[in-house]
Amino acid sequence: MAKQLEHFPNLVTMFLTRAREKRDRPFLWRKIEGQWQSISYAEAARQVATLADSLKRIGLKPGDRVMLVSENRPEWLIADLGIMAAGCITVPTYTTNTTRDHQHILANSEASAVIVSTQKLARTLVPAVLFASECKHIISIDDIITGQSPDVATFHHWKDLISGGSDIGALENRMAEVKRGDLACIIYTSGTGGAPRGVMQHHGMILQNVEGCIDVIANDFGWDDEVFLSFLPASHAYEHSGGQHFPVALGGQIYYAESLEKLAANIEEVRPTIMVVVPRLFEMLRAKIMKQVEKDGGVPAYLMSRALSIEGKRYAGKSVPWDLPMNGILSLTLRRKVRGKFGGRMKAMVSGGAPLNPDVGLFFQAMGLPMLQGYGQTEAGPVISCNRPSAGIRMETVGPPLRNTEVRIATDGEIMVRGEGVMKGYWRNPDESARVLQDGWLATGDVGHLDGNGRIVITDRKKDLIVNDKGDNVSPQRVEGMLTLQPEILQAMVYGDRQPHLVALLVPDPEEMKRFNGDQAAITKAISKAVDRVNADLSVIEKVRRFILADEPFTVENDQLTPSMKIRRHIIRTNYGERLDALYKR
């Protein structure tokens with residue numbers, strides 16, 4: 001019988017329970033001077049409890065928000081748990097945020113303190129604190145130097161706040177009073193209107209996600225000593241729930257990857273059993289494997305061809321008995337070699353954050369690496385559904401809903417979700433909360449249907465939000481609004497769903513362009529400078545890398561504008577899609 005997860009009252013109690021069970025067993029790993037070094041469960045619990053006491057000692061009160069700005073590292077999760085253990089609320093933010101982004105989140109959340117990891121990240125954060133009247137404390141994990149410290153905040157060093165001992169038993173007693181409905185964190189996600197909105201995630205929201213994911217792993221793969229490799233931003237709800245708290249629930253180990261460039265090497269070293277990833281990584285790895293096989297030619301190329309053929313027939317329900325001997329050979333040769341590149345003990349690779357190309361999923365299935373595509377959004381914890389072998393994996397679907405998650409399809413085809421995993425609303429944004437929460441159901445903004453086996457099939461996106469190939473959300477209206485503030489640009493549409501970066505279709509302002517007397521090169525140069533000015537104020541994922549100029553302005557007459565002067569994206573994409581796609585091939 002598969003093990004089942006207990007029903008915990010909050011995330012900290014879940015962690016402390018695992019720490020008491022695991023004690024001196026390794027928990028969090030990082031590479032220092034070429035060697036992987038670990039922090040045990042017991043040591044992590046000591047640091048969490050001590051940090052919680054220190055946060056209270058410097059004046060933080062229950063319900064205070066604490067912003068967390070850090071790359072993935074052991075201190076990230078310890079800080080997250082320590083903030084919650086102090087009765088405060090974590091506000092994780094992206095390391096790619098600009099000073100303006102930090103200003104918005106600090107002002108909106110009214111964070112009382114910030115935790116920042118490095119000198120580099122402090123450069124964009126500390127200036128934002130100057131404008132944040134509520135932020136009284138800056139806690140640095142590494143040593144940081146500022147040219148001029150903000151008078152409004154007191155600096156503290158991480159090592160001072162986690163040194164010494166703490167009464168973990170007393171913390172366990174305090175946490176027994178924290179309920180699943182209490183607020184755990186506020187995760188800011190881009191809204192279609194531009195300014196990021198704070199999704200209020202309560203403890204039960206994340207716990208319900210974790211319990212649902214464990215239901216998949218325990219019953220379909222078996223639950224043992226799991227090893228995770230963390231590399232997606234921990235500030236993203238997907239990694240926060242799936243790559244941090246999910247391993248805690250399993251009593252697993254988390255290795256923090258050195259970098260994206262060293263990820264392949266880290267996978268071979270760490271030998272993870274479960275990976276939480278985005279489609280772009282799979283696409284890159286598939287391309288790398290295919291390129292190597294093509295280079296080798298001969299027998300490897302033949303084996304690859306046969307593996308894909310056999311998996312294609314199996315997937316289509318047309319397997320033939322005479323493929324069985326070859327299947328056995330493939331398992332001993334090609335599949336073993338490919339699985340070795342993934343450490344050799346991978347149970348499942350879970351893909352989320354953006355749609356997965358079915359061909360990519362079938363490729364990894366053919367290589368003997370189970371590929372589970374999931375679906376969700378920050379407002380739902382974030383996991384709503386996930387493919388699993390027991391339900392029959394279909395790459396064109398995102399699987400059945402998680403346990404204790406209800407899904408229905410509205411009359412207009414919109415996917416609606418209900419359950420403990422659904423947020424209670426956006427932080428201090430009742431209008432947007434009321435718009436997406438309807439009688440307890442979350443309106444996802446996605447259109448789809450349920451297939452005959454209860455799996456969700458997504459067919460379209462109602463919302464205009466762009467999801468890049470790494471799963472990051474970008475509000476097109478925000479970028480377009482900034483572009484059209486430039487005098488040289490009359491209208492703009494940005495583009496980049498499932499792509500590595502944004503490109504744009506721009507309409508030059510005819511009055512401004514008169515000064516160039518029709519010189520196309522000069523016009524393009526002027527527009528390029530305007531785009532550069534906008535990019536200087538945008539985060540990495542929002543920057544417009546290339547652009548083309550429209551043949552004519554967007555108007556109601558050519559169907560590219562609505563009567564209320566909103567751009568008709570689907571019409572414009574139809575007209576300019578090939579040229580925009582070509583920008584990614586240069």
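Every read-out reported here was derived from the displayed coordinates using simple, explicitly stated rules and does not represent laboratory data. Here the structure is a predicted model, which is why all the values come from computation and not from measurement. Cβ placement follows ideal geometry from the backbone for every residue including glycine, while neighbour counts extend to all protein chains displayed.
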> Given a Förster distance of 41 angstrom, what is the FRET efficiency for residue 318 paired with residue 585, based on the Cβ-Cβ distance and rounded to 0.05?
Replying inline: 0.70
>> Taking the Cα centre as origin and putting +1 on Lys and Arg beta-carbons and -1 on Asp and Glu beta-carbons, what dipole magnitude results for the chain, to the nearest 20 debye?
In response: 1320
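Kirkwood Rh and Cα-based Rg: tell me the resulting Rg over Rh for the chain, rounded to two decimals. Could the numbers behind the result be given before it?
Details: Rg = 24.9 Å, Rh = 25.5 Å.
Here Rg/Rh amounts to 0.98.
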> Is the stretch 174-282 best put as rounded, prolate or oblate by its Cα gyration tensor, with a ≥ b ≥ c the root eigenvalues, rounded for a/c under 1.5, and otherwise prolate when a/b is larger than b/c, oblate when not?
Replying inline: oblate
> Cα to Cα, under 21 Å, and not fewer than 8 places away if on the same chain: which lysines meet these conditions relative to residue 566?
Replying inline: 462, 463
> Going toward the positive end of the dipole of the chain, with +1 on Lys and Arg Cβ and -1 on Asp and Glu Cβ, which of 209, 528, 517 do you reach last?
Replying inline: 209
>> With a cut-off of 8 Å between alpha carbons and a minimum separation of six or more residues, what is the relative contact order of the chain in percent?
In response: 11
> Taking the simple approach of a point 7 Å from Cα along Cα-to-Cβ for both residue 290 and residue 536, what is their distance in nm?
Replying inline: 4.1
> Which of 362, 137, 582 sits closest to the plus end of the dipole of the chain, meaning its Cα is farthest towards the positive end, when Lys and Arg get +1 and Asp and Glu get -1 on the C-beta?
Replying inline: 362
>> Straight-line reach only, C-alpha to C-alpha below 20 angstrom: list the lysines that residue 22 could link to, leaving out same-chain residues fewer than 8 apart.
In response: 3
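Rounded if a/c is under 1.5, else prolate if a/b is larger than b/c, else oblate: which is the stretch 5-68, with a ≥ b ≥ c the root eigenvalues of its Cα gyration tensor?
On the way: a/c = 2.29, a/b = 1.30, b/c = 1.76.
Taking the square roots of the gyration eigenvalues as a ≥ b ≥ c, the stretch 5-68 is oblate.
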>> Just to be sure I understand the model, the point goes 7 Å from the Cα along the line to the Cβ. What's the resulting residue 431 to residue 299 distance in nm?
In response: 6.8
> Among the lysines, which have Cα under 20 Å from the Cα of residue 525 when same-chain residues fewer than 8 positions away are ignored?
Replying inline: 514, 543
>> Quick check: residue separation of residue 159 and residue 411 times 0.36 nm, minus the Cα distance between them. What number comes out in nm?
In response: 85.2 nm
> Please report, for the Cα atoms of the stretch 56-181, the Rg to one decimal and the Dmax as a whole number; what are they, in angstrom?
Replying inline: 14.3, 44
> Using 1/(1 + (r/R0)^6) with R0 = 51 angstrom and r between the beta carbons of residue 578 and residue 110, what's the FRET efficiency to the nearest 0.05?
Replying inline: 0.60
>> Classify the stretch 475-585 from the C-alpha gyration tensor, please: rounded if a/c falls under 1.5, else prolate or oblate depending on whether a/b exceeds b/c.
In response: rounded
>> Taking loop as defined by DSSP and a crowding limit of 15 other beta carbons within 10 Å, which trypsin sites (Lys or Arg not before Pro) in the stretch 12-97 fit?
In response: 23
>> Using a 7 Å offset from Cα along Cα-Cβ at residue 259, what residues in the stretch 223-251 end up with backbone N under 19 Å from the label point?
In response: 230-234
>> If a paramagnetic tag sat 7 Å from the Cα of residue 459 along the Cα-Cβ line, which residues of the stretch 418-451 would have the backbone N under 17 Å from that point?
In response: 444-451
> For the stretch 475-585, what is the percent of antiparallel DSSP beta bridges, rounded to the nearest 5?
Replying inline: 60
> Calculated from DSSP H runs of 4 or more alone, at -39500 (n - 2.57) each and per residue, what is the 222 nm mean residue ellipticity of the chain, nearest 500?
Replying inline: -11000 deg cm²/dmol
> the stretch 268-327 to the stretch 334-366: how many Å between their Cα centroids?
Replying inline: 8
